[in-house]
Amino acid sequence: MILVGVMIATLWGIGALTGAPRQARLYMIGLLMTGVIAAHLLLPDGHPLRMATGGEAAFWLLILAGGALVWGYGRGLRMLKARAAPAEAPVPRKGFSETELTRYARHITLREIGGPGQGALRRARVLVVGAGGLGCPALTYLAASGVGTIGVIDDDAVDLSNLGRQVLFDEAQIGRPKVHAAAEKLRAQNPHVEIRPYARRLTSEIAQELFSDYDLILDGTDNFATREVVNAAAVATGKPLVAAALTQWEGQISLYDLARGTPCWACVFPQRPDASLIPSCAEAGVVSPLPGIIGAMMAAEAVKRIAGAGETLAGRLMIFDVLYADSRTIAVRPRAGCAVCGGRGLEAGAARP
Ligand SMILES: [Zn+2]
């Protein structure tokens, strides 16, 4: 009996020293036990080998049965554990986890985006100025698209009158800073992207430094003064700018990308209109789905620009009229005497093949 114990220990020890897998060592011991039991059943009573290995086959059969029970229990436990573990445990593949691959599957399927485009989206840093009617849908689709770093700057708080079109917010968030209310919703929508809220007004003092942290700027503000600040900082830092604006039933949007020969926003809108001539959204009203349409288009322009897909609105201004369900696109060109960019896009445009 002691002999068999020593043989089992020796087999296990040799297995451990030679680095044999656990499974192989267990098989070897099983083989030994089978041999011992066979010897007990086949050899006559009193045979020296039987005497040396315990005398009775029943004893070894019991030990074998006990071992099998312990092994079976352990295996069952491991299977249960494997079943209880989350099915979507992150498995890094090409830099994306299984969860992310599933989340972005419809993008990755698109020929124009694919894996490389989705990777570019994840590496991209996009700043949205204004978390209002345009900012809400733009932010929503940037986060859903998997843009890796999304900044949002706004100094406003959620108001009941916003809820008619600013779809990121709910009644429980009234009074909270918009950027924090938005960040909470966006993080819940996509925990794989980083949301950076800035609860302050964008001023010319901070604009350039802030813009330099981002690759692309989206302007969804509702006043001319902030638009001027955004454009000046975008031109100074050389960042492409998707700017949009709304009035009542009509929206307009373009991509200002000077390095690609486009005008800057001030080339197209050089004169600050008389304040009495441009009623605000509060005074003039705006139809609820319009900011949704134009804001989603801003996100679409951002996705195309980042992934290098299709034709962006660079050098074109799109005007979308919801009331008559009509849209038109007009060409816009750099203006030589522009006070902000000096018509810089003209050279870039001429240099382009
Ligand atoms: Zn200009």
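The values are calculated or read from the model by the stated rules, or taken from the named source; none is laboratory data. Being a predicted model, the structure only gives us computed values, none of them experimental. We place every Cβ from the backbone using ideal geometry, glycine too, and count neighbours over all the protein chains shown.
In segment 311-330, what residues are exposed (fewer than 15 other Cβ atoms within 10 Å of the Cβ) and either within 16 Å of the ligand (Cβ to nearest atom) or outside any strand (DSSP E or B) (or both)? The answer is Glu311, Leu323, Tyr324, Ala325. Evaluate segment 331-353: report whether one residue or more is more than 16 Å from the ligand (Cβ to nearest atom) and at pLDDT 95 or above. Looking for residues that are more than 16 Å from the ligand (Cβ to nearest atom) and at pLDDT 95 or above, one finds none in segment 331-353, hence no.
Tell me, please, whether a residue that is over 20 Å from Thr247 (Cα atoms), within 16 Å of the ligand (Cβ to nearest atom) and in the same structural domain as Arg260 (by TED's automatic domain parsing) can be found in segment 291-305. So far as segment 291-305 goes, no, none of its residues is over 20 Å from Thr247 (Cα atoms), within 16 Å of the ligand (Cβ to nearest atom) and in the same structural domain as Arg260 (by TED's automatic domain parsing). Scanning segment 267-276 turns up one or more residues that are within 16 Å of the ligand (Cβ to nearest atom), under 27 Å from Arg165 (Cα atoms) and in the same structural domain as Arg344 (by TED's automatic domain parsing). Taking the criterion of being farther than 19 Å from Leu290 by Cβ and not in a strand (DSSP E or B), the residues of segment 160-177 that qualify are Leu160, Asp170, Glu171, Ala172, Gln173, Ile174, Gly175, Arg176. What tally of residues in segment 182-208 results from selecting those that are within 25 Å of Ala225 (Cα to Cα), out of contact with any strand residue (DSSP E or B) (no Cβ under 7 Å at 6 or more places or on another chain) and touching a residue at least 12 places away in the same chain (Cβ under 8 Å)? Qualifying residue count, segment 182-208: 5. For Val286, the conditions (1) within 25 Å of Val179 (Cβ to Cβ); (2) surrounded by fewer than 22 Cβ atoms within 10 Å (Cβ to Cβ); (3) within 16 Å of the ligand (Cβ to nearest atom) are fulfilled apart from (3). Being in a helix (DSSP H, G or I) and not small (Gly, Ala, Ser) is the requirement here; does Arg122 meet it? Yes. May I ask you to verify whether Gly135 is surrounded by 24 or more Cβ atoms within 10 Å (Cβ to Cβ) and touching a Ser or Thr at 6+ places or on another chain (Cβ under 9 Å)? Answer is yes for this residue.
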